[in-house]
Amino acid sequence: MAIILRIDVDNPYGYHTFWRKVLNYLALNYNFPKIDALGYLSHLNSLLRDLEERDVPATFFFKTTTIPNIEMRSRILEMHEVGFHAVRTRSFQEFLKDFQKVNKAFKGLVSGLSKHGSGEWVGERGHTPEYDPERCIRYAKRLGLKYFSGNGEDPRVEATVVDGIVYYPSAFWISRRRRKPQFTIEWLLEESLRRDIVVLLHPHEWATRSQARRDYERIVSCGEKFKTFIG
């Protein structure tokens, strides 16, 4: 039994400074270029380096707006797994177009998906805010994927198999804004001894929020076993 690190790469530039927020908005809504020198995916790069140094595998979920450069993609594929972070799910045609772009960038190795947003807000241009796990599972089935990782906030809900797709309804969110106080790091570590459990974080949270960084540090330093969604 193990911890599965799910890393949703949502924000190309982050938003902890005014200019980062501006660049992030332009990238998500108006196709602003992916410029490494301006900090494109710099938070992801730092998190990836930390995981490499610890030899901890993770599953990174990408949108079309957060596809890394070739060098970073190669690093990720050396020890990690890649998933598709779906933004447009209103129609299968829109979903498929985005999926194909991400999957091609990662040599056809995308094996599962997650959904951007849980229905409360419109995150970016073209975003489908509705959170519909059943629809995502149908899409995963049509594409021959292996799993769907959901956005539920009760980590006690265990994985199940729906129409041949392994469905993880909930996750243990690193951010305490999305996690009830009863779900402590101690609870997580004990629970991971009996089953696989998903831990969800975002690179910008890890880089800019002290609470997220502290809890991440406790989790990855615990000596527990880590795996990806497909092992």
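Quick notes on this structure:
- Test for residue 88: is it within 30 Å of residue 54 (Cβ to Cβ), under 18 Å from the mean Cα position of the chain (by Cα) and open to solvent by 50 Å² or more (accessible area, probe 1.4 Å): no
- Among the candidates 24, 11, 31, residue that is open to solvent by 50 Å² or more (accessible area, probe 1.4 Å), more than 20 Å from residue 219 (Cα to Cα) and either out of contact with any strand residue (DSSP E or B) (no Cβ under 7 Å at 6 or more places or on another chain) or among the polar types (S, T, N, Q) (or both): 31
- Evaluation of residue 33 against (1) outside any helix (DSSP H, G or I); (2) in contact (Cβ under 8 Å) with a residue 60 or more places away in the chain (one fails), failing number: (2)
- Count - residues of segment 119-139 that are among the small types (Gly, Ala, Ser) and within 21 Å of residue 27 (Cα to Cα): 2
- Evaluating residue 156 against the criteria (1) at pLDDT 95 or above; (2) of a type outside the set (Asp, Glu); (3) in contact with a strand residue (DSSP E or B) (Cβ under 7 Å, 6 or more places away or on another chain); (4) closer than 22 Å to residue 201 by Cβ leaves one unmet condition, (3).
The values are calculated or read from the model by the stated rules, or taken from the named source; none is laboratory data. These numbers were taken from a predicted model, which means no experiment stands behind them. Using ideal geometry, Cβ is built from the backbone for each residue, glycine included, and neighbour counts are taken over all protein chains shown. Heads up: the accessible areas ignore ligands, DNA and RNA and are worked out on the full protein's heavy atoms, side chains in. Shrake-Rupley method; radii C 1.70, N 1.55, O 1.52, S 1.80 Å.
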